[in-house]
1. Dividing the convex hull volume of the Cα atoms of the range 203-339 by its residue count, what figure in Å³ per residue is obtained?
2. Once you have the Kirkwood Rh of the range 106-263 from its Cα pairs, apply Stokes-Einstein at 10 °C and 1.306 mPa s and quote D in µm²/s.
3. Assuming 0.36 nm per residue, please report the length gained on full extension of the stretch residue 115 to residue 283 beyond their Cα-Cα distance.
4. Given the convex hull of the Cα atoms of the range 182-262, what is a quarter of its surface area in nm²?
5. How far apart, in nm, are two points set 7 Å out from the Cα along the Cα-to-Cβ line at residue 185 and at residue 154?
6. On C-alpha positions alone, give me the angle between the axis of helix 24-34 and the longest principal axis of the chain, in degrees, nearest 10.
7. Can you give me the angle between helix 40-50 and the longest principal axis of the chain, using Cα atoms only, in degrees from 0 to 90, rounded to the nearest 10?
8. For the range 265-330, how big is Rg over Rh, using alpha carbon atoms and the Kirkwood form of Rh?
């Protein structure tokens, strides 16, 4: 049998950048949803979802942004304003990456670390990806959860969250206020970059929102929560904090998502297997880690019977990466923050 070749993600990103007009946010969204296989249908679907008019106006209509973390480069981000779908607070800043401004290296659990490209300044973009309402502390890294304004059509785009879920989130404002008050970090989420403890809190607030979504059986909410906690763990490592409890929470959520099949696609399913495997490996639980390699191996027949080439490619990719990591398990540098 021919050896499975893992796609060169840098080359995939380069090709996707061409299709998406060098919009790095769209490139990363495509990879998160569809994996590394390039599909023209998936590219067009994402273009349609994002909206041609929105693509045309993002950069020209962007608000000026403060200088990033060093002065010898251009800021890699721009800011748009969103409205809170719960308390109707207007003008909430949401930071987005400029085209081809930063490259990404994933940590051992696939949380992203950002590095400047060319003329752009360094910025810990992970610290500002979550937008936070200053009044009710509704928080999300996804601008579609907020109310957006399309400057071309002069119309507001409502939140993608249902009115029922938004009502429950609004009713839980006291919980978010307590989270902010008890953290003793202040309430100013506008700093760019945010201090790491405040960045961690912003993701915890986003998790509170996603928890309400999951309790309402909203699709993929458990998977989103699990991904938030790998990012919290990464921010904690950056801040020299202990990330054990965050990785444990992420592990629990990824396992729940896996057993509920709460994934947008097969790539996310097997990617989650890889993350579960990696967390067990980090904790030194070799038997449990091996079980998830076995799960992927035993899935091959069922996936092949589906005759879904995307699922087969995803399974082979993540299974191959799991086996490679197993071989490298005694190397402590595997768990370091990428640099």
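Throughout, read-outs are computed from the coordinates displayed, never taken from laboratory work. From a predicted model like this one, the values you see are computed outputs, not experimental measurements. Ideal geometry is used to build each Cβ from the backbone, glycine not excepted, and the neighbour counts take in all protein chains shown.
1. 113
2. Working: Rh = 16.6 Å.
Answer, rounded: 96 µm²/s.
3. Extra length available between residue 115 and residue 283 comes to 57.7 nm.
4. Mean projected area of the Cα convex hull: 5.7 nm².
5. It works out to 4.1 nm between the two label points.
6. Roughly 40 degrees, rounded to the nearest 10.
7. With both axes taken from Cα atoms, the answer is about 20 degrees.
8. Numbers: Rg = 11.7 Å, Rh = 11.8 Å.
Using Cα coordinates only, the ratio equals 0.99.
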